């Protein structure tokens with residue numbers, strides 16, 4: 001069994017818990033998730049099973065979509081509602097000002113990860129240092145916020161949808177929004193609704209997952225055009241030999257042999273086809 005599962009992760013479950021449950025349930029040799037979700041977060045968690053794990057990088061690099069809830073006026077040490085409150089503000093917050101500062105995150109910017117994150121320092125996750133009272137700040141990294149919409153403010157609860165690049169910490173968005181407004185803030189809720197071409201509406205709970213839910217590797221890359229090559233070229237392709245192909249523009253493709261067997265992802269550059277990732 002090779003392919004991808006779309007899991008609707010519930011609040012409270014860790015991403016690793018979901019991985020271990022799937023591994024045990026299907027007796028799979030390899031299972032990995034394609035982008036962690038904190039226990040507080042819910043929504044789409046993609047699992048790669050067995051040979052599909054070879055293709056993980058294509059999804060780890062992909063953009064993500066979330067529904068976000070931020071509580072204004074309260075800051076925590078984890079930048080979310082699981083942490084200890086470190087400051088409170090009773091200042092009045094105008095909706096127009098919140099919207100202006102929030103939409104100011106659009107585009108490219110440099111972001112500092114939360115102290116409680118899985119980023120590593122000397123091989124050890126930052127959250128383990130933070131639990132010991134040692135707070136380590138990593139250098140800011142470039143992120144890009146592609147879109148923000150459906151903004152609403154009720155009392156001091158701010159909700160919106162966000163489309164962002166990989167490596168974006170929504171908890172940091174909450175923290176920095178609070179700093180810009182001068183009132184403090186933390187992330188209260190987070191739902192991942194989409195990643196790459198996969199959507200939350202197609203996901204199921206881990207306990208309801210069956211073998212029928214698996215999405216084959218080739219189907220997972222249907223956004224790529226399909227190329228069919230003869231059996232001789234197929235042998236060259238899997239052995240890393242470059243094949244001349246004048247029929248397509250430079251891009252990534254799904255590559256099949258004449259027997260309709262999926263071979264992997266190939267790349268054409270300057271009329272030369274070579275494999276990027278084999279099954």
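The values are calculated or read from the model by the stated rules, or taken from the named source; none is laboratory data. Model, not experiment: these values are computed from the prediction. Positions of Cβ are generated from backbone atoms using ideal geometry, with glycine treated the same way; all protein chains shown enter the neighbour counts.
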**OP:** Run residue 190 past the list (1) part of a helix (DSSP H, G or I); (2) at pLDDT 95 or above and report the number of the one that doesn't hold.
**Re:** (1)
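Residue by residue through the stretch 233-255, note down the ones that are in a strand (DSSP E or B) and surrounded by 18 or more Cβ atoms within 10 Å (Cβ to Cβ). Can you show your working first?
Filtering the stretch 233-255 for residues in a strand (DSSP E or B) gives 243-244, 251-255.
243, 253, 254, 255, listed by residue number.
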**OP:** Pull up the stretch 109-121, narrow it to residues that are in contact with a strand residue (DSSP E or B) (Cβ under 9 Å, 6 or more places away or on another chain) and not in a strand (DSSP E or B), then point me to the one that is surrounded by the fewest Cβ atoms within 10 Å (Cβ to Cβ).
**Re:** 118
Original post:
Can you tell me which residue in the stretch 72-90 is surrounded by the fewest Cβ atoms within 10 Å (Cβ to Cβ), limited to those that are under 13 Å from residue 170 (Cβ atoms) and in contact with a helix residue (DSSP H, G or I) (Cβ under 8 Å, 6 or more places away or on another chain)?
Top reply: 78
Original post:
Going through the stretch 11-60 one residue at a time, which ones are without any contact (Cβ under 8 Å) to a residue 24 or more places away in the chain, crowded, with 19+ Cβ neighbours inside 10 Å and over 12 Å from the mean Cα position of the chain (by Cα)?
Top reply: 31
Subject >> residue 100 vs. criteria more than 21 Å from residue 37 (Cβ to Cβ), in the same structural domain as residue 146 (by TED's automatic domain parsing), touching a residue at least 40 places away in the same chain (Cβ under 8 Å) and over 19 Å from the mean Cα position of the chain (by Cα) >> reply: no
Subject >> Out of 211, 235, 124, 146, sole residue that is out of contact with any strand residue (DSSP E or B) (no Cβ under 7 Å at 6 or more places or on another chain) and either within 19 Å of residue 60 (Cβ to Cβ) or in the same structural domain as residue 253 (by TED's automatic domain parsing) (or both) >> reply: 235
Subject >> Members of the stretch 141-171 found to be under 19 Å from the mean Cα position of the chain (by Cα), part of a loop (DSSP other than H, G, I, E, B) and surrounded by fewer than 15 Cβ atoms within 10 Å (Cβ to Cβ), listed by number >> reply: 166
